[in-house]
Amino acid sequence: MFNFQHLIIGKPLRTEEGAQEKLPKWKALSIFSSDALSSVGYGPEQIIVTLAIPGMLIYGYFGYATIAVIALLATVTLSYVQVARANPGGGGSYSIALQNLGETPALIAAASLIADYVLTVAVSVSAGTDALVSAFPALIGKEMSINLVVLFGVLTVFNLRGVRESSNIFVWPTYLFILGITCLIGTGIYKALTGITPIIPAASLVKQQADWVIIILALRAFANGCSSMTGIEAISNGVTMFKEPTVKNAIKTTYSMAALLGFMIAGISFLFMHYHLLPEENATMLSQLAEQIVGRGWAYYYIQITTMLILFLAANTAYNGLPPLLSIMARDSYVPRYLGEKGERLGYSKGILLLSFISATLIIVFNGNVEHLISLYAIGVFLSFTIAQTSLVVKWRREKGTGWISRVALNSFGACVTGIVVLVISITKFSHGAWIVIVFIPTMIYILKSIHSHYITTANQLRVSPEDFINRLEIYQPKNLVIVPISGITKVVAASIRYSKTLGGDIIVLYVYTDEEDCRRFKEKWNNLNLDIPLRVLYSPYRSIVQPVLGYVSELEMQKSIYHYITIVIPEFEPAKWWHRLLHNQTGWILRTLLILRENVIVSTLPYHLKK
């Protein structure tokens, strides 16, 4: 039988095939680093966007902001190597905080990571579309359609096909991008060193004397540049996805990713300053740089296309980070349990779909504007950085193993720096959208705690000892009343009454009428059947079928001394074709939905399948 789902995402995989879904280092680097590496397509540019204000001479602060970003990158990298080593089960900041700081800090980290991953998808897809439009101006005006097609038609579908297949497809664009950017930086530096123009022109170094306005703008520029570090934490969240030895492979991949990212940020920033590039509408600065260095030939389009692909695929880091994180949180009962279940292709398919729909909503609400989205971006990232490093400080101080003092010093320094970054971003970008994340995180914590409380309460109410279980079976001989609501005498009614007889207890057939003459005729037909089953008729002055049935059940519920259980058997026929359902009322479905909420009321639907 043809299965459209299997055509799109592939045939189901057996549980035993899970080992084949593990990633070697060279594939993991492309899957986990695409987010971090892609940030060179917009991170350095966002620093200049903040500094390139007409009438103000502050371009010269660009170099300082870039150096600060690279230094912070080194600190965060060393910290997340320790997170991966200390927490090989994955879960990153959330898991390490839950072990060392307790519930609330862990949930702050979780909420921050959720915000980070959703924004990763929204920013990456939108930035990729901007790169595409820069190369092909004819696409201007079609950005939203491109965003949604890439999000659902490419990222969602291929991630639903499983880790191995998505890595096979997404690995090559990452390495092609690395090759292209490396060649671009190399060519640009060679031209800068051998050309007749100054290596760094005076215009790129000019900066007016610092005052409070300049300091705030410089801090905002640094905050925007920190978006280049998003994705550094991804490997620590997905350690379990590596081939053995998982921890060693994860650490080596983290170092490789950070080294590549640092090289690219430094090289691109240097060339921005050499050519004194400024933001232009409908053209990214990376596009301008490529045109300056290699012209608008095949090499330019290679850079633009690979940049577009890596920006789109940067979202794939979130697809490999958030669903596993949600599965760990589902195990801890902080998100719905079904988010912890693997799908047919051994991936967390429900988490993948959830991420896609939330990201699409964000792209639509912000109209795919990268600058506005980045304003929301870095708070969650650096808050999770801070919590992870603080957790490690507590862990090292408690365990006091070999070299614990140096580890405490490193993580304390990292926690202080990233904590300061959180404050800087919160203050300088509050009115630019950062307030949304500041409101989102406490709201998300409340939701996560409410879900956890529900699961704990449910478990406590359902828990039963073996003795109590046996006692509940032997307390009394329960008595059951079966009610069969009908609208006529048909085959489906006959099948429903026959089934009701197998349940035991008393049976009542219930008929709701709105016209006296119709009621008389129905009673006559029923009596002619000579069945030993009582008929109860209910008048509905307002022509509702549902309300009289609900009212009758409520009356019986009050007679608990007579009946312990009330079973409603709803006769229902199943049409041969799906669209035939639209031609019939949904009274049975409405009754089932409303009655299932009643205590000690059992609702059973008996389907009678019609033939074609």
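The values are calculated or read from the model by the stated rules, or taken from the named source; none is laboratory data. Quantities reported herein were computed from a predicted structural model and do not represent experimental measurements. Neighbour counts run over all protein chains shown; Cβ positions are idealised from the backbone, glycine included. Quick note on the areas: whole protein, heavy atoms, side chains included, nothing else; ligands and nucleic acids left out. Shrake-Rupley method; radii C 1.70, N 1.55, O 1.52, S 1.80 Å.
Annotations
- A count restricted to segment 114-157 and to residues that are within 17 Å of the chain's Cα centre (by Cα) and buried (at least 20 other Cβ atoms within 10 Å of the Cβ) stands at 18.
- Taken as a whole, segment 582-603 holds at least one residue that is among the hydrophobic types (A, V, I, L, M, F, W, C) and in contact with a Lys or Arg (Cβ under 9 Å, 6 or more places away or on another chain).
- Failed condition for I196, given (1) under 32 Å from the mean Cα position of the chain (by Cα); (2) open to solvent by 50 Å² or more (accessible area, probe 1.4 Å): (1)
- Annotation: of all residues in segment 448-470 being aliphatic (A, V, I, L, M) and open to solvent by 70 Å² or more (accessible area, probe 1.4 Å), the one that is farthest from I328 (Cα to Cα) is I470.
- Residue match in segment 577-588 (condition: among the aromatic types (F, W, Y), open to solvent by 70 Å² or more (accessible area, probe 1.4 Å) and not in a helix (DSSP H, G or I)): no
- Pick from segment 563-576, criterion in a loop (DSSP other than H, G, I, E, B) and either within 39 Å of the chain's Cα centre (by Cα) or modelled with pLDDT under 80 (or both), ranking: surrounded by the fewest Cβ atoms within 10 Å (Cβ to Cβ): A576
- Some residue of segment 209-228 being at pLDDT 80 or above and under 22 Å from the mean Cα position of the chain (by Cα): no
- Those helices (runs of 4 or more DSSP H) lying entirely in segment 332-447 with at least 3 residues open to solvent by 70 Å² or more (accessible area, probe 1.4 Å), more than 28 Å from G41 (Cα to Cα) and at pLDDT 85 or above: 377-399, 404-428
- Cβ-Cβ distances below 6 Å connect the following pairs, each with a first residue in segment 211-222 that is open to solvent by 50 Å² or more (accessible area, probe 1.4 Å), a second residue that is aliphatic (A, V, I, L, M), and a separation of six or more residues or different chains: L219/V424.
- Any pair with Cβ under 6 angstrom, 6 or more apart, that starts in segment 174-192 at a residue that is farther than 14 Å from Y300 by Cβ and ends at one that is at pLDDT 90 or above: I185/G267
- Residue in segment 462-477 that is more than 30 Å from K611 (Cβ to Cβ), without any contact (Cβ under 8 Å) to a residue 24 or more places away in the chain and under 20 Å from the mean Cα position of the chain (by Cα) present: no
- Residues of segment 239-258 that are open to solvent by less than 60 Å² (accessible area, probe 1.4 Å) and touching a strand residue (DSSP E or B) at 6+ places or on another chain (Cβ under 9 Å): M241, F242, N249, A250, T253.
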